[in-house]
C-alpha cells in the first residue's frame, strides 16, 4: 500500500532540523519529555541554534476521521494563523514545521515543531506564584485586554485557559499556543471558551483583579454576563485540580522570578498543559 509523507515549513528550519527527513524527525531520540499523553508526546530539544519543541501524534487505531479529516497539526497551524490574522493582543508561538504520514488516506502519525519563546513562563504558573511580583499589574492588564478583544470579536477558541498562554514577564507579552478550533460564534464562545477564560480569572486573579476584569468585560457582554459567570462555575472544580497539580509539578523557588522558563506544547488529553 502506498505510504506518503508531507512536511510543510512555514518558518526557517534551524540546524540540525534542516537536514532531517520525515523519519528522522518523527523518530528523533533524546530531548526532554515534557508531556506524555494518550496520543501525543512532546519533547524539548535544546540545539545550538535554539530550543525547539517537537509534538508527535501517533494514531494506533484506524478511524474514519483519520482518513478524510485534516490532521490535528494542520488544524492547529490554521487556527493559530486565524488568531494572528485577528490581530489580538497576543502573539502566537512560531511554528517551524509540521508534517504527516498517511497510508493511502489513513493517517499514521504527524508532528509539529515549534520554537521556544525565550524567557517565558506559563501564565497560569506566573499568576499562581507571582503575587508580589511588580510586573504582575501590567500582565493582568494585558490578560484583561486580550479577553475583551476575544469577546468583542466574538471568537470561540478551544481551551482558552491560562495554561495555554505563556508570558514574557519582562515585557508582559502574551503568546497563545495549542488550539484546535478558532471561529466566530458568539453562542458557542459564551457557552464554553469565554466561560473557560472566566473560570481561570476566578481562580488566578485576586479579588481586586477580578473586579477590574468584571468592570471591563461586563459592559461588553451586557445581559449575558451573569450567564457567563454561571457557566464558568462548571469549569472551576476541574481547573482547581489542574492548578494544584501544576503547582505540585512546578514548585516555586525563591529565584524563580528571575529564571527563564520555557514554553511547552501539550496534547489535548485531560492532563495539565
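The values are calculated or read from the model by the stated rules, or taken from the named source; none is laboratory data. No experiment lies behind these values; they were computed from the predicted model shown. Counting neighbours? That spans all protein chains shown, and the Cβs are built from the backbone with ideal geometry, glycine included.
For the reader, a short list of remarks on this structure follows.
- The set of residues in region 126-160 being crowded, with 21+ Cβ neighbours inside 10 Å and outside any helix (DSSP H, G or I) consists of 155, 157, 160.
- Counted residues, region 97-117 - those being at pLDDT 90 or above and over 22 Å from residue 37 (Cα atoms): 1
- Residues in region 110-125 that are over 15 Å from residue 177 (Cβ atoms) and either assigned to a loop (DSSP other than H, G, I, E, B) or out of contact with any helix residue (DSSP H, G or I) (no Cβ under 6 Å at 6 or more places or on another chain) (or both): 1 in all.
- Single residue of region 169-185 satisfying the filter (touching a strand residue (DSSP E or B) at 6+ places or on another chain (Cβ under 8 Å) and without any contact (Cβ under 8 Å) to a residue 60 or more places away in the chain) that is surrounded by the most Cβ atoms within 10 Å (Cβ to Cβ): 185
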